[in-house]
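Below is one structure, written out as C-alpha cells; the observations come after it.
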C-alpha cells in the first residue's frame, strides 16, 4: 500500500509541477520618461490592408478581371527585370572601359532576347503599358531612363519616337496612390498569395 501511495504521489507531483511554476519571459524594449513615468516605445510591423475594389456593374467587373489577368502575366517580367538590372549594374560598374561595357550590354541584350524575346513579343498593347509601369515600380526608373542609361541618348530618342507612334510613352511614371492604385492593389495581392 505504501508503494502505491508513493507512486501516486510522484505521479500527481509530476502532473501538477509544470503548472505551479510561472514562466516569465522578458523582452527588452525602448522607453521614454514622461513626468517621472517610463512609457515603453514599441514599433509595430507595417500592415497593408488589401481588398478588391467596389465594382458596380458587369462592365467594370470585366475590366477589373482583364486588369488582374494582365498584371499577373507581366508582373513576373518586371520582377525579373529588376533582378537582372541589379546583376548587370554590378557588372557594368566593374567594367574597365567603354568597350568592355558595350560588350557586356550586347551580351545581356542577346541573353534576354534569346530567353524572353518570343514571350515579350506576344504581349498585348495594354500588357505592354502595364509592364512599363511595373518596371518603374520595381526599378524606380522609367523605361526611358533605363534605356538611356544602358544604350545612350540617341537610341532612347529613337525608341521613344517609335513608342509615341504606337501610343506608348517610355517616360510614363507609376502612380500607386492615384492613377495606378488598382494595379498596386493587384500587385500587393499577388505578393501576399491572395491571387
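The values are calculated or read from the model by the stated rules, or taken from the named source; none is laboratory data. In this text the structure is predicted, and so the values were computed from the model without any measurement. Note that we place each Cβ from the backbone using ideal geometry, even for glycine, and neighbour counts take in every protein chain shown.
Structure summary
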| read-out | value |
| --- | --- |
| Residue in the range 113-125 that is surrounded by fewer than 12 Cβ atoms within 10 Å (Cβ to Cβ), in contact (Cβ under 8 Å) with a residue 12 or more places away in the chain, assigned by TED's automatic domain parsing to the domain that holds residue 137 and under 21 Å from residue 179 (Cβ atoms) present | yes |
| Among (1) over 19 Å from residue 152 (Cα atoms); (2) surrounded by 14 or more Cβ atoms within 10 Å (Cβ to Cβ), the one test that residue 95 misses | (1) |
| Residue 48, sole failed condition from (1) assigned by TED's automatic domain parsing to the domain that holds residue 149; (2) touching a helix residue (DSSP H, G or I) at 6+ places or on another chain (Cβ under 8 Å) | (1) |
| Filter result for residue 145 (surrounded by fewer than 17 Cβ atoms within 10 Å (Cβ to Cβ), at pLDDT 80 or above, more than 25 Å from residue 195 (Cβ to Cβ) and under 18 Å from the mean Cα position of the chain (by Cα)) | no |
| Given (1) within 16 Å of residue 146 (Cα to Cα); (2) touching a residue at least 40 places away in the same chain (Cβ under 8 Å), number of the condition residue 70 does not satisfy | (1) |
| Residue 45 being touching a strand residue (DSSP E or B) at 6+ places or on another chain (Cβ under 6 Å) and not in a helix (DSSP H, G or I) | no |
| Helices (runs of 4 or more DSSP H) (entirely within the range 77-195) containing at least 3 residues that are touching a helix residue (DSSP H, G or I) at 6+ places or on another chain (Cβ under 9 Å) and over 30 Å from residue 46 (Cα atoms) | 98-121, 125-139, 143-151, 153-165 |
